[in-house]
Each structure stands twice: as structure tokens, then as C-alpha cells.
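Q: Below is one structure. I have some questions about it.
The values are calculated or read from the model by the stated rules, or taken from the named source; none is laboratory data. Every value quoted in this text rests on a predicted model; they were computed, and no experiment measured them. Virtual Cβ from ideal backbone geometry, glycine too; neighbours counted across all protein chains shown. Note: accessible area is taken over every heavy atom of the protein model, side chains too, but ligands, DNA and RNA are not part of it. Shrake-Rupley method; radii C 1.70, N 1.55, O 1.52, S 1.80 Å.
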Amino acid sequence: MSTAVPSVRPSRADRFLGAVERVGNRLPEPFTLFLILFLTIALVSTFMALADVTVQVPGAEEVTEIQGLFTPEGLTWFTENIGANYIGFPPLTTVLTIWLAVGVAEQTGLLAAGVRAVFGSAPRWALPYAVGFVGVGGSVMSDSAFIVIPPLAAMVFKAAGRHPVAGLLGGFAAAGAGYSTNFAVTSLDALFAGITVSVTQILPNPGDPVNPVSNWYFNVVSALLLSVLAGFLIDKVLEPRLVRQGVRVEEARFTGTVVPGADRTVPGADAEGEPVGAVQSAELSETERRGLWFAIGSLLLVAAVLAVAFVVPASPWRNEDGGFLPESPLLSSITFVIFVLFLVPGVLYGVVTGAIASMKDIPRMLEQSIRDMAGFLVLAFVLGQFIALFNWSGVGQWIAVAGAEGLESSGLTGYGAIIGFLVLASLLNLFIISGSSLWTIMAAVFVPMFALIGYEPGFVQAAFRVGDSATQIITPLNPYMIVLLTFLRRWEPGAGLGTVMARLLPFTVAFWLVWAAVLSVFFFFDLPVGPGNGIFLE
């Protein structure tokens, strides 16, 4: 049942965002859009290849030649790799693997029960801020945050009687727009630091040593403010606008199952596919409560076993140096860890409550999880082809280097150069979603350039974080936006990319301005961005 639309005059902000949504929704469907983009890059790369266009990535020994799809080499590359481009599409392996386990936990009723138990008595006003903190801090899970946090946030809001779409979109916005910062030191910090160090080795004055904690002070302050800001935007901007638009609070379709032995149903469909009622009460039945305790116990046990296996001195999940950063088998196993931590408690909860009566129920639930992601599986095919062509052709590198050279030749110095750098990083982030890839290209140009005018490499790296994150939640080139759209269509079957972009645009603008303001405070007060890392070269 849809929420009634209040008869109030739309504000200027509503009219502007409505215009953005209408324009955005005039874009073709995602499959068609990326097919058009694929063909565009195919043609552009071919013309550039025929014109013998090359790009010199600073720091690289060899010149990169632009390769065209409609050339003999390009056509053979495509016909040989069409399957590998699809199967090798990075989000595909992460999304499907995690969603198999999340789907089991959802269909047995564990997620709904856990949300109701944890948030049933929590103050409603605090939920947006909790989602903000969890979302911004979610980058510790790497890209998995985009898959796990939004649907759970939607469930949290629904259980508390708030709009689930606000939790869904707010969780994605916090996880994406604040991706490059965190309260803890993550693998991304180590990755960025490694790239920066590789560049500083060519400098006559490399400045303060850069390591994974070189931006920690800046990150902690940024993460704290952005978490609060995300909560404020969810509470005061996103959710009220969803209510004014009359966005439904009940799913248009259901994906759960009946829990035998419980005195209520889990959101979903029964064995005959008929919709069953959504959970409205936060109170758990005795069966649900017992199942939840078993699930929690299994979660703690599995986590303890994994922790011991990972941290023992001779652990095979350590790297060659005996640690975990910047790279290690442990960091490469995050998808497995999340998969197990959802699957084992989900199965045990289902056994205790009766949702899983026999072994055959588990593959049935896994099959349902795949059905729920069928739309994404189709989109992933064309997404994989587009991303593979974009990288193989060299067009992405050419765009980044051309932008960097343009800023370098602008003659900007001082604070104006920093702002120009942030703007350029934000614009390039619309095309190159991978933070490590973008920083590899930009660091090679800007770390030496800014060193020449007196800035520490660690500070330049901190500045890059602002532009690297804020805009990635509004670009259709972000593959996880398609995942979000798949979730959103549970409530709004007619939602399009414009719908997502319009609702996330306030987060992008506010995050960028506040984050840039934080950087400005560090700059003008000459505050260290991390232990032993200042702003200006001595």
C-alpha cells in the first residue's frame, strides 16, 4: 500500500532534484545504456588507434598505445575474451558469493529476527546516525560494504517503523561517498601508501615517510563528521522527501519464506509463491528467540575459529613478511569470511526454527538467492564487456593523464591548486571507479608536482581521498549502483538510474563540501594529517 502524498507545495530543492530525476530517467535502461557506452568507447578507441594516439603515464617506462576494438587486434581480443570479460567482472564474484549466504539468512528469517531484536527498542531518531556510522566505517569490508549494508539498513528502518528505502539509499550513500575514510586503518590505507611511496622514491626531497597511518588523524576527523552528516541527511532530507513523493514502504515483491513453528511470518512468499505478511512487531516468539541465540553462538564460534586461524604466527593467511598489510591472503579472503559469517548462523537459525526441515531446503534457498539477482546477472554481462574494453583500450588512462596535464598547465599554486586537484579527482572518479587505479595515475603526476611547490606527499594523498569518494555514488559507471537499483526496485519497480542519482546527489554535494572544509582546516592551521605527516615540506 502506497503512502499518501501530502498536498504541500514542493520546495526548490524538491523541484531541482525532481528535474534531475526526470532527466536521469530519460537515460536508457541500464543494459541499453552500457551497450551504448560500450559501442561509444569501441568507436572512439578505434579512431584514436587509427590516429596512432599514445599516452605516457608518468613513471611508466613504456608509452601506452591506444588500442581500438574495430581493428584486427581488437576484434580477436573481444571474441577470445567475451566469456572471461563476463566471468572476470570483479563485482560479479563478490556480489553473487555474498548474496548466496545473505539470501539464506534472509529467507530463514534470521536477518529480520536479528534486526527486530537489536533495534526493536532502540530510539527511532538514532537509526539514521547508526546507519551513517556503520556505512562510513563499512569500507573495512572493502567492496562488500555496498552489498551488505544497504539491505540490512533497509530492514533496520522497516523494523523501527521508518521508511526502508531511506535506510537502503542512506546506507549506500554513506558506504560509497565516505569510502576512502574510516575510523580504523584499512587495506585501502596501505594500498594508497604503497602507491605514494613508489612515487616519492624519485623525488630529491621525499618528505615525511608515508605509511598506512599517514592519514589517520585526517581520516578519523573526516569519518566522524561524515557519519553524523550522513545520519542528518537521511533523517532530514532523504526520508522526508521519500514520504512527500509517496514512495511505498511495503515491498512490491517478497523473497522470504514462512517459518514453521513460529507464531508469525517472515517477509516473503510461501511454498506456493503467495505473499505472506510482513513482520510489524519487534517482539520475538520463543522459537525465534531460541533460534537467534543459537545463531549468535555459532557466529561467535565461527569468528573465533577464523580469528585463531588467521592470527597464529604460522598462519598461511599472512603475507611473506608475516603481516597482513598492504596485501595478504587474509585481505583477499574477505568475501569468504563474510560468506561463512552469514551462511552458518542462517542455516542454524533455520534448523532451530523449522525454516530448514531437511538438507534439500538449503539449495532451494540458494536457488532463490540467485533468482533475486537474475537482473544483475544480465546487466553484469554488458557491464563486464564495457569495463574490460575501457581498461584494455587505454582510453581511461588517456582521460586521466589529459586531465592531470590540464590542471598542471593551469598555473594554479597554493590553496587554489588544492581545490583544482579535488575537483579534477572528483570528475575523473566519475569514469575511473577504482581508487587504486585512479591514484596510481594521479599520484605519478601530482605528488611530484605538489612537492615542487612545497606540499608533503602524505597531504596530497589525504586530499585525493576527498575527490576519490564523493562522486562515485552518482555515476552510472559504478557497478554497485546497478546492484542498488536492483534492491530499490523491490519497493519501486519503475525506478531508474535518474531516481537513484537524484536521491543520492544531496549526499555527494554535502559530503564533498564538508570533507573539503575539513581538509581546509588542516591546511590553514597546518595540522598533521597523520602521525609524523604534516602539510608543508620542511
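Q: Scan segment 84-108 residue by residue and report those that are modelled with pLDDT of 85 or more and open to solvent by less than 40 Å² (accessible area, probe 1.4 Å).
A: Result: N85, A101, V104, A105, Q107, T108.
Q: Scan segment 79-104 and report the pairs whose first residue is closer than 17 Å to L343 by Cα and in contact (Cβ under 8 Å) with a residue 60 or more places away in the chain and whose second residue is open to solvent by less than 40 Å² (accessible area, probe 1.4 Å) and not in a helix (DSSP H, G or I), with Cβ atoms within less than 6 Å and a gap of 6+ or a chain change.
A: W99/M373
Q: How many residues are open to solvent by less than 20 Å² (accessible area, probe 1.4 Å) and either at pLDDT below 75 or within 19 Å of V199 (Cα to Cα) (or both) if we restrict to segment 409-421?
A: Final tally of qualifying residues: 2.
Every residue, every condition in (1) surrounded by 13 or more Cβ atoms within 10 Å (Cβ to Cβ); (2) on the phi < 0 side of the Ramachandran plot; (3) in a helix (DSSP H, G or I); (4) not acidic (D, E), yes or no:
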position: F38; (1), (2), (3), (4): yes, yes, yes, yes
position: I41; (1), (2), (3), (4): yes, yes, yes, yes
position: T46; (1), (2), (3), (4): yes, yes, yes, yes
position: D52; (1), (2), (3), (4): no, no, no, no
position: E62; (1), (2), (3), (4): no, yes, no, no
position: G68; (1), (2), (3), (4): yes, yes, no, yes
position: G74; (1), (2), (3), (4): yes, yes, yes, yes
position: W77; (1), (2), (3), (4): yes, yes, yes, yes
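Q: Next question. Taking L306 as the residue in question, decide whether it is at pLDDT below 75 and surrounded by 16 or more Cβ atoms within 10 Å (Cβ to Cβ). Spell out how you get there, then give the answer.
A: Details: at pLDDT below 75: no; surrounded by 16 or more Cβ atoms within 10 Å (Cβ to Cβ): yes.
For L306, the condition - at pLDDT below 75 and surrounded by 16 or more Cβ atoms within 10 Å (Cβ to Cβ) - is not met.
Here is a yes/no grid of residues against (1) over 30 Å from E538 (Cα atoms); (2) at pLDDT 50 or above; (3) surrounded by 16 or more Cβ atoms within 10 Å (Cβ to Cβ):
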residue	(1), (2), (3)
F232	yes, yes, no
R244	yes, yes, no
R248	yes, yes, yes
E251	yes, yes, yes
T255	yes, no, yes
P260	yes, no, no
G268	yes, no, yes
A271	yes, no, no
E274	yes, no, no
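Q: Something else about it: Given segment 433-538, what helices (runs of 4 or more DSSP H) lie entirely inside it while holding 1 or more residues that are among the hydrophobic types (A, V, I, L, M, F, W, C), within 27 Å of V102 (Cβ to Cβ) and in contact (Cβ under 8 Å) with a residue 40 or more places away in the chain? Give the steps one after another, and end with the answer.
A: On the way: elements: 435-452, 457-469, 479-488, 497-524.
Output list reads 479-488, 497-524.
Q: Moving to a separate point now. Here is a check on your reading of the model: is L341 in contact with a Leu (Cβ under 7 Å, 6 or more places away or on another chain) and within 22 Å of F146 (Cβ to Cβ)?
A: It is true that L341 is in contact with a Leu (Cβ under 7 Å, 6 or more places away or on another chain) and within 22 Å of F146 (Cβ to Cβ).
Q: Give segment 347-381 a look and list any residue that's within 18 Å of T32 (Cα to Cα) and open to solvent by less than 10 Å² (accessible area, probe 1.4 Å), or say none.
A: Answer for segment 347-381, where residues must be within 18 Å of T32 (Cα to Cα) and open to solvent by less than 10 Å² (accessible area, probe 1.4 Å): F376, A380.
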